[in-house]
1. Considering each of A:Leu116, A:Leu43, A:Leu105, A:Leu11 in turn, give the residue that is more than 9 Å from chain B (Cβ to nearest Cβ) and either free of Cβ contacts under 8 Å to residues at least 12 places away in the same chain or surrounded by 15 or more Cβ atoms within 10 Å (Cβ to Cβ) (or both).
2. Does B:Phe72 meet the test of being within 12 Å of another protein chain (Cβ to nearest Cβ), assigned to a strand (DSSP E or B) and within 12 Å of the chain's Cα centre (by Cα)?
3. Among the candidates B:Ser24, B:Ser52, which residue alone is more than 10 Å from chain A (Cβ to nearest Cβ), over 12 Å from the mean Cα position of the chain (by Cα) and more than 30 Å from A:Arg9 (Cα to Cα)?
4. Name every residue in region A:71-116 that is in a loop (DSSP other than H, G, I, E, B) and out of contact with any Ser or Thr (no Cβ under 9 Å at 6 or more places or on another chain), in order of residue number.
5. Does region B:1-17 contain any residue that is out of contact with any His (no Cβ under 6 Å at 6 or more places or on another chain), outside any strand (DSSP E or B), modelled with pLDDT under 95 and within 16 Å of B:Tyr86 (Cβ to Cβ)?
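The values are calculated or read from the model by the stated rules, or taken from the named source; none is laboratory data. Predicted model, so just to flag it, every value in this text is computed and none were measured. Here the Cβ positions follow ideal geometry from the backbone for every residue, glycine too, while neighbour counts run over all protein chains shown.
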Amino acid sequence: EAQVTQNPRYLITVTGKKLTVTCSQNMNHEYMSWYRQDPGLGLRQIYYSMNVEVTDKGDVPEGYKVSRKEKRNFPLILESPSPNQTSLYFCASSRYMAGRNTGELFFGEGSRLTVL
Amino acid sequence: EDQVTQSPEALRLQEGESSSLNCSYTVSGLRGLFWYRQDPGKGPEFLFTLYSAGEEKEKERLKATLTKKESFLHITAPKPEDSATYLCAVQARDYKLSFGAGTTVTVRA
């Protein structure tokens, strides 16, 4: 079954304690992306990756890091979480069409993060 | 700056009561407009892609249409299982994807 798997699904942590949210896809997609979803603001892109070892900032990258060492995995790292990073996070992937990512994204189930 | 605005924010319907959701957009060079469905506690699920004005796509009780400034998602004779948040997104010339905040639809039996 084609899927994007995120872990953990729920996490409560404290300010400053480093954490990693993992993301893995089994569709051999080149493009992967992280979004955060906040009420009234919609989905905002944090970082994206066009392929292995190729990553770039989205609209709200401050306080986050990513890496893409393998095609299937795209972890999101919060080096020193703060309360304003409390949010619902989604990992997504898409195939390429004509050499570029499409807007037809496959999303994971989401990771709800609370930073106290 | 690309902008996507969805209205209304919330829509309550009686089962069988047809209605439409609006997605208005401004974008630099539209590559595609996308509709997603999101159930509570789940990730968005892709529904449709529209590429050019005049295009229409259908899936069961849902029909998406596109003009040069907006898209509509028509829900015909909705059922309670159509209750969800519907998201609209546009892809610009530079392949950047921008999402609207969504319309939450509740269908009562």
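1. On the way: A:Leu116 fails: either free of Cβ contacts under 8 Å to residues at least 12 places away in the same chain or surrounded by 15 or more Cβ atoms within 10 Å (Cβ to Cβ) (or both); A:Leu43 fails: more than 9 Å from chain B (Cβ to nearest Cβ); A:Leu105 fails: more than 9 Å from chain B (Cβ to nearest Cβ).
The match here is A:Leu11.
2. Numbers: within 12 Å of another protein chain (Cβ to nearest Cβ): no; assigned to a strand (DSSP E or B): yes; within 12 Å of the chain's Cα centre (by Cα): yes.
When the stated conditions are applied, B:Phe72 does not pass them.
3. On the way: B:Ser24 fails: over 12 Å from the mean Cα position of the chain (by Cα).
Result: B:Ser52 is the single residue among B:Ser24, B:Ser52 that is more than 10 Å from chain A (Cβ to nearest Cβ), over 12 Å from the mean Cα position of the chain (by Cα) and more than 30 Å from A:Arg9 (Cα to Cα).
4. Of all residues in region A:71-116, those in a loop (DSSP other than H, G, I, E, B) come to A:71-72, A:74-75, A:79-82, A:86, A:95, A:98-99, A:102-105, A:108-110, A:116.
Listed by number, the residues that qualify are A:Lys71, A:Glu79, A:Ala98, A:Gly99, A:Gly110.
5. Of all residues in region B:1-17, those out of contact with any His (no Cβ under 6 Å at 6 or more places or on another chain) come to B:1-17.
Within this subset, residues satisfying the condition of being outside any strand (DSSP E or B) are B:1-2, B:8-9, B:15-17.
Those still in the list that are modelled with pLDDT under 95 too: B:1-2.
From what's left, within 16 Å of B:Tyr86 (Cβ to Cβ): none.
No; the residues of region B:1-17 include none that is out of contact with any His (no Cβ under 6 Å at 6 or more places or on another chain), outside any strand (DSSP E or B), modelled with pLDDT under 95 and within 16 Å of B:Tyr86 (Cβ to Cβ).
Conditions tested, residue by residue: (1) exposed (fewer than 15 other Cβ atoms within 10 Å of the Cβ); (2) in contact with a Lys or Arg (Cβ under 8 Å, 6 or more places away or on another chain); (3) free of Cβ contacts under 8 Å to residues at least 12 places away in the same chain.
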{"position": "B:Gly54", "(1), (2), (3)": "yes, no, no"}
{"position": "B:Glu60", "(1), (2), (3)": "yes, no, yes"}
{"position": "B:Pro78", "(1), (2), (3)": "no, yes, no"}
{"position": "B:Ala84", "(1), (2), (3)": "no, yes, no"}
